[in-house]
Structure formats: structure tokens, C-alpha cells
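Working notes for the structure below.
Values in this text are rule-based calculations from the coordinates and carry no lab data. The structure displayed is predicted, hence computed values, not measured ones. Neighbour counts run over all protein chains shown; Cβ positions are idealised from the backbone, glycine included.
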Amino acid sequence: MFEELLTRLREKKPLVHHITNMVTVNDCANVTLAIGALPVMAHAPEEVEEMAKAAQALVLNIGTLTREQVDAMILAGKAANSLGIPVILDPVGAGATGLRSHSAGRILDEVKISVVKGNSAEIGILAGRGGKIRGVESAEAAANMAEAALELAVKYGAVAAVSGATDIITDGKRIAFVDNGHPMMGTITGTGCMLSSVVASFCGVEQDSFKAAVAAFVCFGLAGELAASCPEVKGPASFKTAFFDEIYNLTEEKLRLGEKLRIE
Amino acid sequence: MFEELLTRLREKKPLVHHITNMVTVNDCANVTLAIGALPVMAHAPEEVEEMAKAAQALVLNIGTLTREQVDAMILAGKAANSLGIPVILDPVGAGATGLRSHSAGRILDEVKISVVKGNSAEIGILAGRGGKIRGVESAEAAANMAEAALELAVKYGAVAAVSGATDIITDGKRIAFVDNGHPMMGTITGTGCMLSSVVASFCGVEQDSFKAAVAAFVCFGLAGELAASCPEVKGPASFKTAFFDEIYNLTEEKLRLGEKLRIE
Amino acid sequence: MFEELLTRLREKKPLVHHITNMVTVNDCANVTLAIGALPVMAHAPEEVEEMAKAAQALVLNIGTLTREQVDAMILAGKAANSLGIPVILDPVGAGATGLRSHSAGRILDEVKISVVKGNSAEIGILAGRGGKIRGVESAEAAANMAEAALELAVKYGAVAAVSGATDIITDGKRIAFVDNGHPMMGTITGTGCMLSSVVASFCGVEQDSFKAAVAAFVCFGLAGELAASCPEVKGPASFKTAFFDEIYNLTEEKLRLGEKLRIE
């Protein structure tokens, strides 16, 4: 359904500005390149507004946040807002510490977010529906994740996107369920962060953030499936190599054949 | 001898909080996942105590330290101490600069450390027995490393663990020599840091830190040997891929067959 | 022509101190090891002078700069200058924001630089010849890059080195054109940063910075070519693995056969 967005992405090569964590920053840059966009990472308060304004999308990821970094995120987010550049929030570990919950809330309050993408615990907690998180991994989801995502989407006028065995993406009106993906994706760190970079890459070429996010989830999950079936994959590290390669090698045809998507 | 600890680790999936360097942080997260534990990285002073208290082990690694980061380490370390959560110190580059030597000493003085893990120069220098370091690599060891490790262990009531061709692990009473490992492990950056993450993962499920550290060294070294013998390994990067995969694929049986351990 | 430098590098194993960005810092460390040198990363103001003075070369890379980090770079740079230790500047993203342009200029003014290495936009912009940059990637080069590089070299008494399809290296008198390299190198993040680490590794064993830089560019480009022809390469990630392996496996003979170099 959203295959042509991939072609558009690769033609336009949107610049995706990241303010992100130090754990997976390299993977985020490489996945942005692999899907066909152009990454740039910059977090100094003196330059984030200028960089955000030059970009086609902005990722705010609080994986290893500090108070200063969140301040820079808000500067960048407001600069992006001023030009209508989409902002993607990855509230890594919201619920794990007060700082993370508070910072995610503060960003949602002060910046107009296009897509908030998290795991089921993060989204449930931000929606006020509960959930439990261990470190940055979901340990327990809210009872009804689709409802939690819908509420969050409506509250902030954003697309809420939940990664999981079945991904849920909603803008409050439409809701998509994506069954692409593979358990091997959970054996490496950073798949969540990388997915946010891919969402941002699609948002950089498609104004309908719901459509962009769905395309990103399908691409990302399908590449994970294709990688898991590669004969050279023997564990998480060889899977990771195959996964990046499959993202790079995605085609509209592979998407058409492999997409596991239901929209309501 | 310690095979069942691996099974316990994978069942309990301990959360390992890291305050670590920016060079190898991604590898530390991935190795923690590969051995079967759950990593989280957080260094903001506002959240380190809360995160440390939610974890089953804490890693303090000074590889790219700043004064502020060491302050956060001490906050986190004291919080972990207050709940009896084991703290693992990796004094990367102690002896290379005054800041590193001073900071390692300061952490050892202010935080109750369960395991201090370093290369021969770092441990020799911290034990006051000399040694020479180039950057973060041991250039010259103390004359008698076993004695140096014993002294350090007794002085701080900690397990002292020295990585090298033959690893030495001691709690001041028992001493273990581990001959597992492979020279290819020295061709990539971060094996030392990664080993500390694995030590912490085992400490998260085993109160006897000596036993935990020995299990970690055996697992880590054996995985290195197994990786080095993979036909697809052609250099450091393909070795690294195979190494992570072998850590993930370790079994009790492989350990029983491959363990090269002597305890006195 | 410069084959024997590789052997010298591997014998002397120079220590290369990096103050660099958080995106590619792991790759920089690993490439430094792969070419045969020894990396160390340290950026705290309290230790950068001591670390720089212990090293044989210093890399200053502004990829994720902050004002504080640039201050530390200048401290380290002056310390290196005081002992005649070569300093390599990678002005990542100069021209993309005021902070980056200003900081690159500030470092060039306050520190004696041996080699400034950038893409065509960065070098063109620093030379005052124009160019256009998107994030950290060159979008448009100056009309005559060789002239721009010559001017920059003369202005700062440094070697100016421009990476591109044909690399240009000049000290203001000699000029080298290197045709080694492969488009796959552009599919992963950090090849520019990694190249700076390799330049620094060679500078650590060769006083003639022009000669050192040329050797580095040839080695790096040739390894890229060799990697791209590996049958296991299926995309950017498997290319990256092969690339590191090929750098590690470079020999004088491969260089003699594969070098595509013209000096005027």
C-alpha cells in the first residue's frame, strides 16, 4: 500500500537531524543511510536550531538523556515546528526513572510532535494507562494497547506508534496493525531507536505522518524477517549485519509481497 | 564447574546498569544481551540512583570519564551499595593520566566494589606494584601479577580480576587462573569493557562475586576461542561478529568441554 | 611508493589520541587498531594535555562538537604542538552551522595543524572558495578543488586533504591525486572520520605529513576496493565488516599492485 514512499525517500534523500543517545547513535546513522536518507547528529545548544531548520525531519531520543540535552531537544523541536518540519519522539525508558517520564512529558508539552514511537510500556505509561519497564525494555504492557495508543494520539494530536509482536500505529482516527518483524530483532540493542530513525526518514518525504510511520514499520519489520532467513545468520551479530543489508536492499516489490498490514 | 550459572543468568535476565564510556557502549549493551542479561545505560546525576536501585548489577567504567561522570558513578555506586547490589569497576587507563588514577582510587575509596576488573597494567598500578600503560593498553605488567591482584583484593575487600593471556581472578583467599581466550580478542577495541559487562551480568545472579567473575572470564574467553575457529573469520570485524554470536550460542555443555580453569 | 610506511606503522604501533564525535568513535578506534596503531579516546579537560603528550598523533574531529569539547581540543592541540606531535583536524560539517565553521576556524587559528582532512564541501568552505553541505555530507564542491586545497594548505602551512571520487592531497608544493576507493564506502557512516584516524596513524610514524596522508588515503581506498569485491558483501553492513578486515590484512604487496596514485 505504501510502497512508493520508499522510492520517494530514496529520490529525495531527506536530511534527518538526530539528537539521540550515545548507545545506538552509530546504528541510527547507518540505518538512516541504509533506508536511503541522510543522517546528521548534532546536540550543542548553539547549533541545534540551525541544524534542525536545515533538515527534513528531526528525531528526539532520550535514551541517555541529560537535562542539558533535553533543553537542546526543545530548542531544536521548536525550531523544527516553526518551519513545519516533522518531529519524532522516542521516549526511551519513560517510566523507568522520574527524569525520563518528566522529560518525555516536557517534550510532548512544549514541542508539537508528529510521531511518538515507543514500546508498549513506554506508550502505556505516557498514556497514563500503566505498564512496567525494566531499564528500557517493556516488562508489562497496558491491558489494551490499542486504546492506550489512541488516547495518546488524541491527547497530543500526534501519531502514536507502538512496537511489539504486532505493531500498532494510530493517529486517533485510523489505526494500523503491522505483523511484520522477527524475534531476532530483540536480540540486539537499538532496534527501537533505529526504527525511530526510519520513521523520521519517511516523515521527511511524506506529510501524512500516519502513512509515513506505517511505511516505516512495514519496511523495518520486513527487513528483519528477510534477514532472519539468511543462511549466514548464526546469532545476533550476524543477524544485525544481514538486517542492515536487507534494509538497504528493500524494493517496492519485496514490500508488496511481504507486507503484513491491516488498517481499520 | 560454574556452568549452571549461565543457565541461571538466562532465566533471571538481570538488569545491568552501566555508566560507561562512549567508545564501546554499544558493544557493552550488545554483549550484555548476548550473554542473556538486560543492559541499561544512564548517566544523568538526576537518575543514576534510581536506575541503579532498579538494577541487579552496576558497571562503572571510566574509559572516557569526566569529573561530572565520576560524580554520577559515585552517586550510583552508593545507591547500589545501599541495597547490596554488586558494583563492578573497570578502571580503564588507570595510570595513563592523573585524572584516571585519581578517579579509580576515588571510586574504590567511596564505593564498596564487588569486582575490580582491569588489564595487568591497570591492576598493577592500582595495587601500587607498578606497571606501564600506553593509552588504555597494558605495556608492562608488575613482576608478579598474582601477588598484585591478591593485594588489591585484600586492600578493598573486592574480587580483583586481571585479563591477559592467562587471566587471574582472586578474592584474596581463592585464586583462579583462566587460560581461555584468543589473541584475536586483542584486535578489536572494547573486549575489556565487554568482559566487565559479562562479569556484572553474572554478579547479578550470583552473590559469590569470585564465582561470578570466574564464570564470566571462562565464558568470554571460550567464546573468543570458538569464534576464532569459525571459517568465516577473516579479520577483526568478522571475528567480532562471530564472537558475539558465540557468546549468544554458549551452552553449559560447551563450557564443560572448553573450560581451561585452575583454582588454588 | 609509500608501501614501507605501512610496515613501519605496524612495527612502531603509534598511540593516536582522539577527541572525536560520539557517532563514529568506535569505528575510529577499531580502524586505528586495524591499520596497526593504538587508539585512545579522552576528552576531559583535566587529562587531554597529558594524554596528547603521551601520544604520537592527535585527531581533532568536530562531528558532534560542543563548546566545551572544542576548548578541550585546543588544550590538547597546544600540548601536542609543544612536543611536535602531529595534529590532524577533521572539520566535520564545517559550513553546515555557524558553530562548526567558527570552531574549525578557531582550531586552525590556535593550533598548528599538520593535516586538515575533509570532504570537498568542508575544504572548499574553509578555503573561502564556497561549496555546499547537507548535514555533514558534501552537496556541492568548489569549482576547482585542487586550487581550494592548495590555498588552504598555504594559508595554514598544513597538508590539505580532500576525500572524494578522486582524493586530493597537497602541502602547497606537492599535490597528489588518489583514485583508490569505492562507492560502497559512502553507504556507511564514518568513513571520513575513520580516514582521519588512519591519516593520524601514519603521521605518528612519518614526519612528512604529505607522505603520511597520501599513504593513508591509498591504504584506505584500496581496502575499500578489495572489500567491495568480496563475495560475502551484500550491502553496507557486510561491506563494513569486509572493509575493516581488508584494512587489517593490507600488505606492502597489495599496495604495490593496487595503488592508483599520481603526484605532481
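For this structure, a couple of remarks:
- Cα lying deepest toward the dipole's positive end in chain C, options C:Leu226, C:Gly130, C:Leu60, charges on Cβ: C:Gly130
- Coarse-grained scattering of segment B:1-120 at q = 0.09, 0.10, 0.13, 0.16 Å⁻¹, given as base-10 log I(q)/I(0) from a Debye sum over alpha-carbon atoms: -0.23, -0.28, -0.48, -0.72
- Square roots of 5 times each gyration tensor eigenvalue, C-alpha, segment A:62-178, largest first, Å: 22, 18, 10
- Partner shielding of A:100-113 amounts to 1, given as the average count of beta-carbon atoms from other chains within 10 Å of each residue beta-carbon.
- Charge sum, other residues only, whose C-beta stays under 9 Å from C:Ile188's C-beta, Lys/Arg counted +1 and Asp/Glu -1: 0
- Peptides C:177-185, A:30-38 ranked from most to least packed, by the mean per-residue count of other Cβ atoms within 10 Å: A:30-38, C:177-185.
- Per residue Cα convex hull volume in Å³ - calculated over segment C:201-241: 63 Å³
- Cβ-placed point charges (K, R +1; D, E -1), dipole of chain A about Cα centre in debye, nearest 20: 260 debye
- Size of charge dipole - segment C:1-96 - debye, nearest 20, with Cβ of Lys, Arg +1 and Asp, Glu -1, no other charges: 200 debye
- Note on the protein assembly as shown: antiparallel DSSP beta bridges, both residues inside, total approximately 40 percent of the bridges counted.
- Cα gyration tensor, segment B:32-95 - rounded (a/c under 1.5), prolate or oblate: oblate
- Proximal charge balance of A:Ala121 [Cβ under 11 Å; K/R count +1, D/E count -1]: 0
- Antiparallel %, DSSP beta bridges [both residues in segment B:2-263], to 5: 40 percent
- Judged by the ratio a/c of the largest to the smallest principal axis of the C-alpha gyration tensor, segment B:116-235 counts as oblate, that ratio being 1.5 or greater while a/b is no larger than b/c.
- Rounded, prolate or oblate (a/c below 1.5 giving rounded, otherwise prolate when a/b exceeds b/c) for segment C:124-193 by Cα gyration tensor: oblate
- Burial ranking of peptide ranges B:232-245, B:189-202 (average Cβ count within 10 Å, highest at the top): B:189-202, B:232-245
- Under the Karplus curve 6.51 cos²θ - 1.76 cosθ + 1.60, θ = phi - 60°, whole-Hz ³J(HN,Hα) for segment A:190-195, x wherever Gly or Pro sits: x, 4, x, 4, 4, 4
- Summarising the rotation from chain A to chain C, the nearest chain A beta-carbon to the axis and its distance in Å are given as A:Met22, 3.
- Distances between placed amide hydrogens fall under 5 Å for B:Val59 paired with B:His17, B:His18, B:Ile19, B:Ile88, all partners being 5 or more residues away or on another chain.
- For chain C, diffusion coefficient by Stokes-Einstein and Kirkwood Rh (Cα), 25 °C, 0.890 mPa s, µm²/s: 138 µm²/s
- Per-residue Cβ neighbour rank within 10 angstrom, fewest leading, B:Arg8, C:Arg134: B:Arg8, C:Arg134
- Entry note, chain C: the mean residue ellipticity at 222 nm calculated from DSSP H runs of n ≥ 4, each adding -39500 (n - 2.57), is -15000 deg cm²/dmol after division by the residues and rounding to the nearest 500.
- Over all orientations, segment A:1-48 has a Cα convex hull whose mean projected area works out to 3.9 square nanometres.
- Cα-derived Rg to Rh of the protein assembly as shown, Kirkwood definition: 0.95
- The residues neighbouring C:Glu68, those whose beta-carbon lies less than 13 Å from its own, together hold a net charge of -3 under the Lys/Arg +1, Asp/Glu -1 convention.
- Using a 7 Å Cα-to-Cβ projection, A:Thr251 label spacings across copies, nm, ascending: 3.9, 3.9
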